[in-house]
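Visitor: Here's a structure for you.
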Amino acid sequence: RSNSRKSLGLSKPDQRFHQTSTQGPESPRFCLPACSPRRPACFRLSRTETVVVSENEKVRVPRHVAIIMDGNGRWARERGLARVEGHAEGARAVRDAVETAARIGVEYLTLYAFSVANWARPRGEVEALMRLLVDFAKKERSELRSLGIRVNVIGALEDLPTGTRHAVEDLIRYTADGEKMTLTLALSYGGRQDIVEAARALAVRARAGLVLPEEIDESFFHREMTTRTLPDVDLLIRTGGESRLSDFLLYEAAYAELVFLPIMWPDFKPTTLLESVELFSRKERRFGRTSDQVVRGEAAAFDPLDPAE
Ligand code: IPE
Ligand code: IPE
Ligand code: MG
């Protein structure tokens, strides 16, 4: 167990901002399905988690993983490269993370690709990010479709330049039949903005007499948000060494397990995801109850995992 902490770079705070080693000799405790000689059984444990049975251990796989992919710029700077090259390398890490998530049975993967606040970056960098998004949409679409991955967007897609928006819309259409995993790209996304816009939409409907204030509860409210088709986040990972949410999924990650990693996003490897899932798997999720109640299987007072499907 302590090995796993060490390999994530969590045991030594002074290793922050250094490339760690998820590629070292230590391998995760469970295999990707394809590395196993016999495909491991994969079955639903509850409404929110699946279990991958590997050679010697059961691991609960979170149903919804969200990732703040931070550190591309610093990764490039450490190598004397332009920030844009860090973003290009980051796009390659996205590819691997998506494929790994689908293979281990994650049902929803949500990636913070571009925040509302990122519009404030230098114009050249914003343009490069938009171009990379178009490249990703065009180059990866066949692979995504063949893996059964459906692409979805949260945030304000309409704020993107026309060419980028069209490429993303094509990708959504092209992958619409995917049933294995939903890959959600957060684009021009802001958590507060999403909440405020939901409140405004409800206010408009209430004023028109279409909604009664007493009808508005958590799931009713969530149906007004761009995340309406997503269940609550189970595991939220941030790379780049910062321990903040930067306006990501403020409403949806209310009970998420948070994993902050010191590595920069381009260094995120399939094993990094597996190790984060292992960390998640060892957490006792109490949802307000005591540990004894959890062990006895008593229900929580509310169902924070209610999938808004
Ligand atoms: C994350 O990496 C990518 C985006 C925000 C689009 P950064 O570009 O924020 O990298 P750092 O944090 O400057 O290293
Ligand atoms: C968060 O990273 C946004 C994305 C990863 C898209 P930032 O680099 O923009 O976050 P801050 O500015 O450090 O909080
Ligand atoms: Mg950053």
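The values are calculated or read from the model by the stated rules, or taken from the named source; none is laboratory data. Keep in mind that what you see is a predicted model, and the values were worked out from it rather than measured. Here Cβ is always computed from backbone atoms with ideal geometry, including for glycine, and neighbour counts include all displayed protein chains. These accessible areas exclude ligands, DNA and RNA; they are computed on the full protein's heavy atoms, side chains included. Shrake-Rupley method; radii C 1.70, N 1.55, O 1.52, S 1.80 Å.
Visitor: Check which residues have an amide H placed less than 5 Å from residue 152's amide H, if you skip close sequence neighbours.
Guide: 183, 184, 185
Visitor: Which order do the peptides 244-255, 212-223, 96-107 take when ranked by the mean count of other beta-carbon atoms within 10 Å per residue, highest first?
Guide: Working: 244-255: 17.2, 212-223: 11.8, 96-107: 21.7.
The densest-packed peptide leads the list: 96-107, 244-255, 212-223.
Visitor: A further question follows. What does the charge add up to near residue 92, with Lys and Arg as +1, Asp and Glu as -1, over the other residues with Cβ less than 12 Å from its Cβ?
Guide: Details: positive: 95, 139, 269; negative: 85, 89, 96, 99, 135, 140, 267.
Within the 12 Å Cβ shell, the charges total -4.
Visitor: Give me the percent of Cα-Cα pairs in the stretch 143-249 that sit more than 16 Å apart, rounded to a whole number.
Guide: The answer is 68 percent, as a whole percent.
Visitor: Sticking with this one: When Lys and Arg each count +1 and Asp and Glu each count -1, what net charge do the other residues less than 11 Å away from residue 205, Cβ to Cβ, add up to?
Guide: Working: positive: 200, 207; negative: 215, 224.
Combined, the nearby Lys, Arg, Asp and Glu give 0.
Visitor: Classify the stretch 131-194 as rounded, prolate or oblate, taking a ≥ b ≥ c as the square roots of the eigenvalues of its Cα gyration tensor: rounded when a/c is under 1.5, otherwise prolate if a/b is larger than b/c and oblate if not. Present the calculation step by step, with values, prior to reporting the outcome.
Guide: Working: a/c = 2.42, a/b = 1.39, b/c = 1.74.
Oblate, because a/c is 1.5 or more while a/b does not exceed b/c.
Visitor: Cβ under 15 Å from residue 147's Cβ, residue 147 left aside: what net charge do those residues give with Lys, Arg +1 and Asp, Glu -1?
Guide: Taking every Cβ under 15 Å from that of residue 147, the sum is 0.
Visitor: I would also like to ask the following. Once neighbouring chains are kept in place and the probe is 1.4 Å, which whole percent of the accessible area of the stretch 170-294 is contributed by carbon and sulfur? Don't jump to the answer; show the numbers that get you there.
Guide: Numbers: 2800 of 5570 Å².
Answer for the stretch 170-294: carbon and sulfur cover 50 percent of the accessible area.
Visitor: Shifting gears a bit: For the pairs 138/269; 139/283; 138/180; 180/269, flag any whose C-alpha to C-alpha distance is greater than 30 Å. Spell out each step's value before the answer.
Guide: Values: 138/269 23 Å; 139/283 37 Å; 138/180 20 Å; 180/269 21 Å.
The answer is 139/283.
Visitor: Can I ask one more? For residue 237, what residues show an amide H to amide H distance below 5 Å, using hydrogens built from the backbone and excluding near sequence neighbours?
Guide: 66, 67, 68, 259
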